[in-house]
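Structure first, then comments.
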Amino acid sequence: MNDQPNYFELFEMPISLKVDKQALTKKYFSLQKKYHPDFHPTASEAEREKILEMSSLVNKAHKVLGDPQALLAYVLGLQGLLAPEEKYALPPAFLMEMMEYNEQLSDAKMDGDIDAVRRIQTEIKAYEIKLEQAIEPILEALEGDYSSKEKLLQMKEYYFKKKYLERILEGME
């Protein structure tokens, strides 16, 4: 991500894992007004192409900055700690827990036990909430100071665990 424009600079915001949604929306509309092709009908073809490119960049930045999981991945990428399509080795204890959930889920689906599937889904969502609560103090400690590689690596592990849980939940729907 380091070779891409910095979305925080584009939106004139400090790097943060907690983006002010109201400020983000306000700046988004301001940038859309500035770069939307409809507001530049007399621009030359080259200018219109550049404006369209900037409009697309504004949309992409807004989407990333507005999605907590995408935002986390983006900040980790800015810090050089997350590469696109990176494979990450999650802790064995976590993987064992997930394997148990997957086995239970597979059995419940084979048996056609909708109640068991819902129970597993509820347990996984509760696990996800517990994970979010555990990472909150680290997130607070990082705010405004992204120099702690140890804390950022904890956020990276959280990112991959959350991504794993979301894949399981998506597969249940």
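A short reminder: the numbers here are calculations on the coordinates, not readings from a lab. A quick note: this is a predicted structure, and the numbers were derived from the prediction, not measured. Don't worry about glycine lacking a Cβ; one is built from the backbone with ideal geometry, like all the others, and counts go over all protein chains shown.
Some notes on this structure:
- Alpha-carbon centroids, the stretch 127-173 and the stretch 23-71: separation in whole Å: 29
- Note on residue 95 and residue 45: their simple-model spin labels are 5.5 nm apart, each label 7 Å out from Cα toward Cβ.
- Fraction of the pair-distance distribution of the stretch 35-160 above 22 Å, Cα-Cα pairs, percent: 58
- Using C-alpha pairs under 8 Å with a sequence gap of at least 6, the mean separation divided by the residue count of the stretch 7-78 gives a relative contact order of 40 percent.
- Placing unit charges on the Cβ atoms only, positive for Lys and Arg and negative for Asp and Glu, gives the stretch 94-133 a dipole magnitude near 160 debye about its Cα centre.
- Charge dipole magnitude, Cβ of K and R +1, D and E -1 - the chain, Cα centre, debye nearest 20: 520
- Computed from Cα positions, the angle between helix 68-78 and the longest principal axis of the chain comes to roughly 70 degrees.
- Positive-end residue, the chain charge dipole about Cα centroid, Cβ charges, pick of 51, 62, 146: 51
- When the Cα positions of 71, 95, 122 are compared along the charge dipole of the stretch 60-127, 71 comes out farthest toward the positive end, with charges on each C-beta of Lys, Arg, Asp and Glu.
- GluC sites (Glu not before Pro) restricted to the stretch 53-142 and DSSP loop, no more than 16 other C-beta within 10 Å: 85, 86
- Mean ellipticity per residue at 222 nm, deg cm²/dmol - from DSSP H runs of n ≥ 4 across the chain, formula -39500 (n - 2.57): -24500 deg cm²/dmol
- Structural descriptor for the chain: relative contact order 25 percent, calculated from alpha carbon pairs under 8 angstrom and at least 6 residues apart.
- Remark: 120, 51 ranked as 51, 120, counting other beta-carbon atoms within 10 Å and listing the fewest first.
- Dipole size of the stretch 7-78 about its Cα centre, with +1 on Lys/Arg Cβ and -1 on Asp/Glu Cβ: approximately 280 debye, rounded to the nearest 20.
- Ordered by the count of other Cβ atoms within 10 Å of each Cβ, fewest first, 99, 155, 172 give 99, 172, 155.
- The residues 54, 96, when put in order of fewest to most other Cβ atoms within 10 Å, stand as 96, 54.
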